[in-house]
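In what follows, a structure is listed as structure tokens, so that the remarks can point back to it.
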Amino acid sequence: MTIKNHRQMLSSTAMRLTNNTDDAQDLIQETMIKALRFFDTFDAGTNVKGWLYTIMRNTFINQYHKNARRRNIITQEEQITDAHLISSARGNQAESTFAVGDIYLALNALDKSRSVPLIRYVEGYSYQEISDQLGIPLGTVKTRIHEGRKQLRKQLQMYADTL
């Protein structure tokens, strides 16, 4: 019995693996080439069908991994092209410009009693430092920062929905 007698089994297995007629034919051809190349390693009297199936399965798996690596490299290269980076930066810059403008508008809409403590808090000052600088009680500083955040959150809700 020759390798050619097992072509039907190889065809059905290749179709199951690839789900594509052309890819299945390529897989069969690659399997047959490897079987002929390594026929001297085949032990006479053992299962030819199982040997061919193993060659086909391993060939398919190796091609799959090779294609997956290639797709990953192509995707990474597409993501770092100059045109893509410039386009991405322009989009991010435009979005950031709108967001910063909206933040300033929202901050300006706050009354000074809330905006000043909030801005100082965002700048990194502690509640106690803000209290000392503004000459107001610590509890009042905390309340004004809390109320300022709440008002900003309400005015900038559209940005929270996109995150």
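Counting other beta carbons within 10 Å of each Cβ, put 122, 48 in order, fewest first. Walk me through the numbers on the way to the answer.
On the way: 122 12, 48 16.
In increasing order of surrounding Cβ atoms, one gets 122, 48.
List, in order, the whole-Hz ³J(HN,Hα) value for each residue of the stretch 20-29 obtained from phi through the Karplus relation with A = 6.51, B = -1.76, C = 1.60 and θ = phi - 60°; use x for Gly and Pro.
For the stretch 20-29, the Karplus-derived couplings read 8, 4, 5, 5, 5, 5, 5, 5, 4, 4 Hz, x marking Gly and Pro.
Taking the Cβ of each residue in 110, 105 as the centre, tally the other Cβ atoms inside 10 Å and list the residues starting with the fewest. Don't jump to the answer; show the numbers that get you there.
Working: 110 19, 105 11.
Fewest to most other Cβ atoms nearby, the residues stand as 105, 110.
Which of 38, 60 has the fewest other C-beta atoms within 10 Å, and how do the rest follow up to the most?
Numbers: 38 11, 60 20.
Sorted ascending by nearby Cβ count, the order is 38, 60.
Quick check for me: using +1 on Lys/Arg Cβ and -1 on Asp/Glu Cβ, what's the dipole size of the stretch 1-66 about its Cα centre, in debye to the nearest 20? Numbers along the way, then the final one.
Values: 8 positive and 6 negative charges, 23 e Å.
About 100 debye.
Could you work out how far apart the two model spin labels at residue 53 and residue 19 are, taking each label as a point 7 Å from the Cα in the direction of the beta carbon, and quote it in nm?
2.2
Read-outs throughout are calculated quantities, based only on the coordinates presented, and are distinct from any laboratory measurement. Just so we're clear, the structure is a prediction, and the values are computed from it rather than from any experiment. Cβ: placed from backbone, ideal geometry, glycine included. Neighbour counts: every protein chain shown.
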